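Take a look at the structure below.
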Amino acid sequence: MLSYDTINLMKIRDRYAPSPTGLQHIGGIRTALFNYLFARSSGSQDGKFVLRLEDTDRTRFDQSYVQNLYDTFDWLGFKWDEGPVPDNEVEVRSFQSNGGPFSPYIQSERTEHYKKFAQELLDKGQAYYCFCTSERIEEVRKQREEAHSSESGYDRLCRQIDPEDAAKRAASSEPCTVRLKIPLSETTVFNDYLLGDIEWKNDDVNPDPVLLKSDGFPTYHLANVVDDHLMEITHVLRAQEWLASTPLHVIMYRAFGWKPPEFCHLPMVMGQDGKKLSKRHGATSIDEFRKAGYLPAALINYIALLGASYEEGKEIYTLEELAARFSLDKLNKAPAVFDYKKLEWYNGQYIRMMNDDELAALCLPYAIEAGLFGGEPAEQQLKIFTASMALVKERLIFLKEAPEKIAYLFKEPEIPAAEEFIPKKCDLAKTIELLQIGKELVNSMAQAASDEDAENFIKTEAERREVKLGDLMMPLRVAITGSRVSPPLFGSLRILGAACSEQRIQKALDKLTNS
Ligand code: GLU
């Protein structure tokens, strides 16, 4: 194992190697982010973060998942240094039109490599042709099950076939796969940065797994090892669920005579109930978080802390700050617990850090979708919308909450029932009186230069007229916003203007007087 000091001097090349068989989710993006941060960490010199599409499982592949992968990275705002070039980016990404020196980075475009290396293992006697049909393999499985055998997987039948005969049969196009010949009765030892030395009896490793399928496509194991080697990957940071495959990979590296990369299997991500994070716990796909109105920076910040600790007491980090602090020593062994409430907190924090223009730009699509403007916004509506951000910024957890909270600024609210207007210990007559005072004051408040000025003014007036400030404010708020609970009243009055505010109060007064 290399000490951290040695890693410090290294040019780190790491990778995120998703299989496009599903939407990008928290676990995958955590892996991607950690690899990105590690390549850019202060311990890395000119590190490279590689994206490789492991799309060899053609039955589960779907192009929409590739698009989802690209869209997810776009939205999150961090990028790979080498990797596939999305169609729409061919022009934009000028650094290398083919995506990097080890192009292509899509495994289905690299099948020649895998065939060549499978052949190399066959030639070395480290792999063999298997002619068993899937029916036979299924039959073996059934028989073992019925006999309650402890053995599982392939029974290594074709391992006995004379390699020359096998080669002839394969050459005559007899359907076959290529299997790894696992050295039996040996032990494979490797080091995991986080988990330490790991020993695995070869007899317990998946017996002679398929490397090349009968359709000529490689399996995950072959393609993954060959590409990590060819792409000069120095560190494999991946989810712990791949730990069981690692002995097999190490056996393959040895069979090829290659030096394996450093391995670091990342702590699991759990729900609060201690079970692996899944749909049962809530949103898991990045798309769902995006649609719910999470900010990419908040999500990144939170994900970066899933299984890693940086500075005591510091919770908000930019991507650059995270990269500067990241190291494998900061990773925790214990599983990370995904806390939706904490993520919400992060989102709120990031919303508060934005200025009105930034926040308005992000909330705008939600507002249009919610029909806030009755179509595309007019210039005046946009002005109001931007100004209203100051009113809701402190209260938002999600962007999509904004339109509902400020709807009263765009559309006259329904006048609520009389009881809603009446402050505690007051009656209807008193409420009408208070609202009349409010109407007299509203012009000055709407024109006040700041909230403080408006507040000072109404406070002084309340004292002078010997009414409680709270009692004066309540009916006014209900008349203006249609609700007892609303964004700040003074700011609302300023945005609505004196005339509109007075009109709303008058309408409320009419309703109260007639009730
Ligand atoms: N293609 C594998 C996946 O879907 C990659 C695992 C690895 O990083 O080796 O996660």
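Annotations
- In the range 237-247, the residues that are more than 26 Å from residue 40 (Cβ to Cβ) and either within 11 Å of the ligand (Cβ to nearest atom) or surrounded by fewer than 20 Cβ atoms within 10 Å (Cβ to Cβ) (or both): 244, 245
- When the criteria are applied in full, residue 496 meets the requirement of being modelled with pLDDT of 95 or more, buried (at least 18 other Cβ atoms within 10 Å of the Cβ) and of a type outside the set (Ser, Thr, Tyr).
- The range 488-511 residues that are without any contact (Cβ under 8 Å) to a residue 24 or more places away in the chain, paired with ones that are part of a helix (DSSP H, G or I) (beta carbon under 6 Å, 6 or more apart): 489/477
- Selection within the range 4-28: residues that are hydrophobic (A, V, I, L, M, F, W, C) and either modelled with pLDDT under 95 or open to solvent by less than 10 Å² (accessible area, probe 1.4 Å) (or both). The member of this set that is nearest to the ligand (Cβ to nearest atom) is 26.
- All positions within the range 290-326 that are part of a loop (DSSP other than H, G, I, E, B), open to solvent by 10 Å² or more (accessible area, probe 1.4 Å) and farther than 28 Å from residue 402 by Cβ: 309, 310, 311, 312, 313, 314
- When residue 31 is tested against the conditions (1) at pLDDT 95 or above; (2) part of a loop (DSSP other than H, G, I, E, B); (3) in contact with a Lys or Arg (Cβ under 7 Å, 6 or more places away or on another chain), the lone failure is (2).
- Test: residue 365 is open to solvent by 40 Å² or more (accessible area, probe 1.4 Å) and within 20 Å of residue 237 (Cβ to Cβ): no
- Residue check for residue 146: modelled with pLDDT of 95 or more and either open to solvent by 50 Å² or more (accessible area, probe 1.4 Å) or over 42 Å from the mean Cα position of the chain (by Cα) (or both): no
- Top-ranked residue in the range 220-236 [being in contact with a Pro (Cβ under 7 Å, 6 or more places away or on another chain) and either open to solvent by 10 Å² or more (accessible area, probe 1.4 Å) or away from the ligand (no atom under 16 Å from the Cβ) (or both); ranked as farthest from residue 137 (Cα to Cα)]: 234
- Restricting attention to the range 62-85, the residues that are open to solvent by 50 Å² or more (accessible area, probe 1.4 Å) and either under 15 Å from residue 49 (Cβ atoms) or in contact with an Asp or Glu (Cβ under 7 Å, 6 or more places away or on another chain) (or both) add up to 2.
- Remark: pairs (first residue in the range 1-24, aromatic (Phe, Trp, Tyr); second residue at pLDDT below 60 and within 14 Å of the ligand (Cβ to nearest atom); Cβ separation under 8 Å; 6+ apart in sequence or on different chains) are absent.
- Matching residues, the range 40-61, being under 26 Å from residue 308 (Cα atoms), without any contact (Cβ under 8 Å) to a residue 60 or more places away in the chain and either more than 19 Å from the chain's Cα centre (by Cα) or open to solvent by 50 Å² or more (accessible area, probe 1.4 Å) (or both): 44, 45, 46, 47, 48
- Of all residues in the range 192-237, those satisfying the criterion of being closer than 26 Å to residue 99 by Cβ and either assigned to a helix (DSSP H, G or I) or among the aromatic types (Phe, Trp, Tyr) (or both) are 217, 220, 221, 222, 223, 224, 225, 226, 227, 228, 229, 230.
- Residue 192 vs. criteria acidic (Asp, Glu) and open to solvent by 20 Å² or more (accessible area, probe 1.4 Å): no
- Residues of the range 468-487 that turn out to be assigned to a helix (DSSP H, G or I), free of Cβ contacts under 8 Å to residues at least 24 places away in the same chain and under 19 Å from residue 411 (Cβ atoms), as a count: 1
- With respect to being out of contact with any helix residue (DSSP H, G or I) (no Cβ under 7 Å at 6 or more places or on another chain), modelled with pLDDT of 95 or more, among the hydrophobic types (A, V, I, L, M, F, W, C) and in a helix (DSSP H, G or I), residue 170 fits the description.
- Residue count for the range 40-57, restricted to those that are within 17 Å of residue 102 (Cα to Cα) and more than 10 Å from the ligand (Cβ to nearest atom): 6
The values are calculated or read from the model by the stated rules, or taken from the named source; none is laboratory data. Model, not experiment: these values are computed from the prediction. All Cβ positions, even for glycine, are placed from backbone atoms using ideal geometry, and neighbour counts span all protein chains on display. Side chains included, ligands, DNA and RNA excluded: accessible areas come from the protein's heavy atoms. Shrake-Rupley method; radii C 1.70, N 1.55, O 1.52, S 1.80 Å.
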